[in-house]
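So the structure is just underneath, and the comments pick up after that.
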Amino acid sequence: MRKKQSESLPTLSRAPTGIDGLDEITGGGLPAGRPTLVCGSAGCGKTMLAMEFLVRGATRYGEPGVFMMFEENAAELTANVRSLGFDLDTLAGENQIVLDYVHIDRSEIEETGDYDLEGLFIRLGHAVDAIGAKRVVLDSVEALFAGIQNHAVLRAELRRLFRWLKARGLTAIITGEKGEGAAITRYGLEEYVADCVIILDQRIRDQICTRRLRVLKYRGTAHGMNEYPFLIGAHGFSVLPITSLQLDHEVSSQRVATGIPRLDTMLGGQGVFRGSSVLVSGSAGTGKSSIAAKMVETACRRGERALYFAYEESTAQIVRNMRSVDIDLDPWVKKGLLQIHSSRPTLQGLEQHLVVMHDLVRAFRPAVVAVDPISNLTMAQDDAQVKPTLMRLIDFLKKEQITAVFTSLTEGGDATTTPEESQVGVSSLMDTWLLLRNVEFTGERNRTIYVLKSRGMAHSNQVREFVLSDKGIDLVDVYLGGDRVLTGSARVSQEMQELATATLRGQDHDRKLRHLASRRRAIEAQIAALQAEVEAETEEVHFVIAQETLQVNTTHQNTDAMAQKRGGAVRPPGGSKAKR
Amino acid sequence: MNALASPTPLRQADATPAFELRLYVAGQTARSLAAFANLHRICETYLAGQYSIEVIDLTKTPQLAAGDQILAVPTLVRRLPEPIRKIIADLSNEARVLVGLDLQPARG
């Protein structure tokens, strides 16, 4: 892609440096076939930049290079850059790089008249011809000023040297020491090298060192004018060009459970999106780390790798403390699924921390990354610097489809700043924001949680009580009664009160029912008694009737019997009645 | 003139000379020739019979430039007696050459 660019613009062809970010700032690299001046104070990374330019040229772009050094010898330099993963011995063996140490010892040299520096040209030319070099580094020619007395000759020869480099079409980096005051370099090298000037700067703020890079001049091209932080990490030089970042990473619609079922429910029922960034903010002791640890543990349970950056507690302390809320990280650490990386935030600048994160993430390739907390990282930094740097980190994680959870300590939390306001700097970078708050009421503090935002999902608007116990993390519905939100003991007591009332009411109902039942039984008994009475009376009446009937019959029979005895005709039945 | 044509040692004595000198030049320029002429004159004046001069033309053998850390030309290197001393330029300043070679004019 870069090559294409240089082909389409032949007048401004570039030699890509292969340095992360620098090619973006310069629109493709350094001016090809021309010298570039890199200057800065001692120890700010000039040699590293120049060396990476050369090594990348040899390994990535098929452009062998000559490194001519005036200050340290080849063995020292080889050892120094080995920490960046550059194996100069191998490259030299493959004729990709020539290291030439030019040593000048003033005490050995006596000047006796007229001379020039043709010897240097011959050496350089010989080295360039030997491997067909396209790139040259001179680090740093300013050392010549100390070794050679006749500066008039030296300046004339340097001028000739740069012309010579241009004439041979060599892309060169010349390093120079930063000058006093406004001077770019101590010996005014910038007047010879007019095509491209890059300034490296190292500054200390609040005892923390950060490095900056600026392209002061790039003839005939538009280039990033800003100062950019840069880092020297295990993979070399890295410039952080925020403005050239593109928002074009892929997104996943896959969801990842947080490990807290009710929290997942609040987040549209399925948790957060894979590759999204989650901010968990809250004041001290609200349980931020526990949420981060839970998400990390849950990832490990799924068999994914997770990386936990701890800036407050040591690894052992985290493992111990998390065990108290039933999150056991130790097995995952032993299994190799979890890496906990603890370091002090003040150990190095934010950029340097980021580079460490980059390197670890690249090496470990986790699915979930937790940073606990980012507020500590940003402690010593200007807000203006923090946001772009974090943006870079978040963007990197998103590109890698890594779910990130950041905890952030809310400062104060008093009346003057609401928690929402205190995170304005970073919250816009986050996809999901969980806010934890302490609610103090009737002599105790309780934790509440709510989802302040969660992009791309229907999330709950409810406040939940966040309960940490030895059984783990749980979310409980808060008591919403009247115009109050009750949590903790107040919630429990309210709930008990309601339970008691309900019980009482229930008991009352039971009593009433029992009463009704007994009444019914009593009434039924009465009914039974009355019925019995009625039956008794009925029987009595029947008896009397029967008796009387019997008497009447008996009387008739007697009458008939008498009549028979007296010889009278037997009356037809019923006749007696008529007779009577 | 002929001596410059190749890096041929120009021996003035049969025994191992006390002064082993090496003159690095870049091509047969006026400055190279002047340096050689000056060196030859000084040696004959002060070191007759005690020296050897080796002339190295870096345009022909550029790989030799690194060995003695040559930057400027002409450079005269006093390899013996030790320590190694370097004298750059065309050697026209005789007094400074003598200082560089650690020779006192009085000794001549």
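The values are calculated or read from the model by the stated rules, or taken from the named source; none is laboratory data. Worth saying up front: this structure is predicted, and the values here are computed from it rather than measured. Using ideal geometry, Cβ is built from the backbone for each residue, glycine included, and neighbour counts are taken over all protein chains shown.
Tabulated data
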item: Elements of type helices (runs of 4 or more DSSP H) in region A:44-106, at least 2 residues being more than 25 Å from A:Arg34 (Cβ to Cβ) and either more than 14 Å from chain B (Cβ to nearest Cβ) or of a type outside the set (Lys, Arg) (or both); result: A:74-82, A:88-93
item: Complete set of residues in region B:30-67 that are over 20 Å from B:Leu103 (Cβ atoms), more than 8 Å from chain A (Cβ to nearest Cβ) and more than 13 Å from the chain's Cα centre (by Cα); result: B:Ala30, B:Lys60, B:Thr61, B:Leu64, B:Gly67
item: Qualifying residue in region A:149-163 (condition: in contact with a Pro (Cβ under 6 Å, 6 or more places away or on another chain) and among the β-branched types (Val, Ile, Thr)); result: no
item: A:Val272 buried (at least 23 other Cβ atoms within 10 Å of the Cβ), in contact (Cβ under 8 Å) with a residue 12 or more places away in the chain and touching a Leu at 6+ places or on another chain (Cβ under 7 Å); result: no
item: Test: residue in region A:161-177 that is within 13 Å of another protein chain (Cβ to nearest Cβ) and in contact (Cβ under 8 Å) with a residue 24 or more places away in the chain; result: yes
item: Given (1) touching a residue at least 12 places away in the same chain (Cβ under 8 Å); (2) facing chain A (nearest Cβ under 7 Å), index of the condition B:Val77 fails; result: (2)
item: Any chance A:Arg135 is within 22 Å of B:Leu91 (Cα to Cα), among the basic types (Lys, Arg) and in the same structural domain as A:Ala156 (by TED's automatic domain parsing); result: no
item: Which numbered condition A:Leu267 fails, given (1) farther than 22 Å from A:Thr448 by Cα; (2) touching a His at 6+ places or on another chain (Cβ under 9 Å); result: (1)
item: Those residues of region A:111-140 which are within 11 Å of chain B (Cβ to nearest Cβ) and not in a helix (DSSP H, G or I), in sequence order; result: A:Glu111, A:Thr112, A:Gly113, A:Asp114, A:Tyr115, A:Asp116, A:Leu117
item: Failed criterion for B:Ala89 (all others in (1) over 13 Å from the mean Cα position of the chain (by Cα); (2) within 12 Å of chain A (Cβ to nearest Cβ) hold); result: (1)
item: Strands (runs of 3 or more DSSP E) contained in region A:444-532 and holding at least 2 residues under 30 Å from A:Asp328 (Cβ atoms) and touching a residue at least 40 places away in the same chain (Cβ under 8 Å); result: A:444-454, A:464-469, A:472-477
item: Residues satisfying the stated conditions in region A:295-317, i.e. closer than 16 Å to A:Pro373 by Cβ and surrounded by 23 or more Cβ atoms within 10 Å (Cβ to Cβ); result: A:Met295, A:Val296, A:Leu307, A:Tyr308, A:Phe309
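Residue-wise test of (1) hydroxyl-bearing (Ser, Thr, Tyr); (2) part of a loop (DSSP other than H, G, I, E, B).
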site	(1), (2)
A:Ala284	no, yes
A:Ser290	yes, no
A:Gly303	no, yes
A:Asn321	no, no
A:Ile327	no, yes
A:Pro331	no, no
